[in-house]
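Enquirer: My questions all concern the structure below.
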Amino acid sequence: MSFVPPLEPSVGPLRTQIPFVTYPVFPRICLPISGSRSDAFAMAGSKKVIRLDFSDFYYGYSKTHNYFHRLLSERYDLEISDKPDFLIYSHEGDHHKIHNCVKIFFTVESIEPNFSECDYSLTCHYLDDPRHLRFPIYPMYGDPSSISKERIDMQKLLAEKTRFCSFIVSNPNLKKTRRRIAFFEKLSAYKKVDSGGKVFNNLGYQVPGSSEEKVAFLKHYKFNLCFENKYLPGYTTEKIFEAMQAICVPIYWGNPKIGQEFNTRSFLNYEDFGNDDALIEKIIELDQNEAAYSKVLQQPYFTGGQPNEFFSRERLLDFFGEIFENGPGKKTAGKTFFTFGRWKLVRQHKPNRSDKESNPPTPVRRGLWTGRKILGIFQTHSPVQLSSTGPC
């Protein structure tokens, strides 16, 4: 997907029409007075206009071709702006700190929200807080129909399962992944486990990185070893969901509450066995007994055959609806004025990877206080102009 940069700050004659005030520090910088944000709530047809931006996502993240933009466009007319009323940001940088608007934190990792920096959050955690919505990331990888087993020819499916078990890991941090690496090595003592990722690759080639290509690779395997990076309530990533899309039997470890999201009779949940040896014994039993394996494979992935609540688009849209209805004037994080602490932050800020294409980094070194360098920093991130009352 192509990367779409944010709108550039206004330049040229338009800028001279904006009133400026002088901030009393050296060198003298003049900041535009913030205008009313009420125009962000003008109506465009039947949809409300929402002035929005994205920040601190991975390199190449498209601001107009992503899950949240597609979802919110169903209900709102979105305007991507470098002066947003609402900011959705992630954990890949600190660019969000220079914004003064309503901030919504989202992460695919197990990071907890910091409500001194954000106003709302979407994470995997179980938090009893109205500002937070639990949102495991696997609904971003497909809808419930992609793991449905209705109209599946089981005999044909079993005939396609010609390989034993797959394993795809690209995180080289052995300290964080030692649990799944240890299990991989133990299971490999019984029969070869095909490892197609960057780590412990034994295939001679690497499975391509897209979700579609990964699922295509998994379809030929009876089992998929899908351990999370850590054992944490709520931390359910795309790993088990992609194994389900390939209609194989996931071997899962990570979220002890996984049974609240998926039918545990349709996969092998480490939590139900308690130790490596008991789980491996069950894997061997299913591998050697086609009838027993078929019985597990026929189980629906959802309990009662009904998708869990996290696939509900209305649930997510309603959460954003409350945020947008409260409006930018109800923000709790950030500061209204450009304080000295905020000045220091922007001075030291270097654009993160996801901002590089739209905001070319300015070469900055600590201790350089020349007017040209500092002006360069502000031009990278917000509209500024030297005072017309005299040189800085």
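Enquirer: Hey, got a sec? Which trypsin sites (Lys or Arg not before Pro) in the stretch 207-253 land in a DSSP loop and have at most 14 other Cβ atoms within 10 Å?
Expert: Here the trypsin sites (Lys or Arg not before Pro) that fit, given the DSSP loop and packing criteria, are Lys230.
Enquirer: Expected output is a single nm value to one decimal: the length gained when fully extending between Phe200 and Glu74, i.e. 0.36 nm times separation in residues minus the C-alpha distance. What is it? Mind dumping the intermediate values first?
Expert: Numbers: separation 126, 0.36 × 126 = 45.36 nm, distance 4.29 nm.
Full-extension gain reported as 41.1 nm.
Enquirer: Same structure again: Name the aspartates and glutamates eligible as straight-distance cross-link partners of Lys175: C-alpha to C-alpha under 18 Å, and not fewer than 8 places from it in the same chain.
Expert: Glu109, Glu185, Glu228
Enquirer: Then there's this: Hey, can you grab everything whose amide H is under 5 Å from the amide H of Ser55? Only 5+ residues off in sequence or another chain; H modelled, so Pro and N-termini drop out.
Expert: The answer is Ile88, Tyr89, Ser90.
Enquirer: Got a sec to turn the phi values of the stretch 161-167 into Karplus ³J(HN,Hα) couplings, 6.51 cos²θ - 1.76 cosθ + 1.60 with θ = phi - 60°, whole Hz, x for Gly and Pro?
Expert: Karplus values, whole Hz, x for Gly and Pro: 7, 8, 10, 6, 8, 10, 7.
Enquirer: So which of Lys192/Lys282; Lys161/Lys192; Lys156/Lys230; Lys186/Lys239; Lys97/Lys198; Lys176/Lys295 end up more than 24 Å apart by C-alpha?
Expert: Violating the 24 Å limit, Cα to Cα: Lys156/Lys230; Lys97/Lys198; Lys176/Lys295.
Enquirer: Further, regarding this structure: Can you list residues whose amide H is under 5 Å from Ile80's amide H, if they're 5+ apart or on another chain and H is modeled 1.01 Å from N?
Expert: Leu52
Enquirer: Right, next: For the stretch 112-183, which trypsin sites (Lys or Arg not before Pro) are in a loop by DSSP, counting at most 10 other Cβ atoms within 10 Å?
Expert: On the way: sites: Arg131, Arg134, Lys149, Arg151, Lys156, Lys161, Arg163, Lys175, Lys176, Arg178, Arg179, Arg180; in loops: Arg131, Lys149, Arg151, Lys161.
Those that pass, being in a loop and sparsely packed, are Arg151.
Enquirer: A further question follows. What ³J(HN,Hα) values, in whole Hz, does the Karplus curve 6.51 cos²θ - 1.76 cosθ + 1.60 give for the stretch 254-269 when θ = phi - 60°, with x put for Gly and Pro?
Expert: Per-residue couplings from phi come out as x, 8, x, 9, 4, x, 7, 10, 9, 6, 6, 7, 9, 8, 9, 9 Hz.
Enquirer: How high is the FRET efficiency from Lys192 to Ala291, r the C-beta distance, R0 25 Å, rounded to 0.05?
Expert: The value I calculate is 0.55.
Enquirer: Tell me which aspartates and glutamates have Cα within less than 14 Å of Lys214's Cα, excluding those fewer than 8 residues away on the same chain?
Expert: Of all the aspartates and glutamates, those that pass the test against Lys214 - Cα under 14 Å, at least 8 places apart if same chain - are Asp194, Glu238, Glu242.
Enquirer: Let me ask something additional. Which whole-Hz couplings ³J(HN,Hα) result when phi for each residue of the stretch 171-181 is put into the Karplus expression 6.51 cos²θ - 1.76 cosθ + 1.60, θ = phi - 60°, listed in order with x for Gly and Pro?
Expert: Per residue, the Karplus-derived 3J(HN,Hα) values read 7, x, 6, 5, 5, 7, 10, 4, 5, 6, 5 Hz.
Enquirer: Once R0 is set to 25 Å, what does the formula 1/(1 + (r/R0)^6) return for the Cβ-Cβ distance between Ser211 and Lys257, expressed as a FRET efficiency to the nearest 0.05? Intermediate results must be reported in sequence, preceding the final value.
Expert: On the way: r = 24 Å, r/R0 = 0.95.
For Ser211 and Lys257, the calculated efficiency is 0.55.
Enquirer: With charges only on Cβ, +1 for K and R and -1 for D and E, what is the dipole size of the stretch 150-299 about its Cα centre, in debye, rounded to 20?
Expert: 380
Enquirer: Given 0.36 nm per residue, what is the gain on full extension from Arg134 to Asn275 after removing their alpha carbon distance, in nm?
Expert: My answer for the length gained is 47.9 nm.
Enquirer: Oh, and also: Under the rule of at least 5 residues apart or a separate chain, name every residue whose amide H is placed under 5 Å from the amide H of Val249.
Expert: Counting only residues 5 or more places away or on other chains, the set is Phe223, Asn224.
Quick note: the coordinates plus some simple rules give every number you see, no bench work behind them. Quick caveat: nothing in here was measured; it's all calculated off a predicted structure. Here the Cβ is made from the backbone with ideal geometry for all residues, glycine too, and neighbour counts use every protein chain on show.
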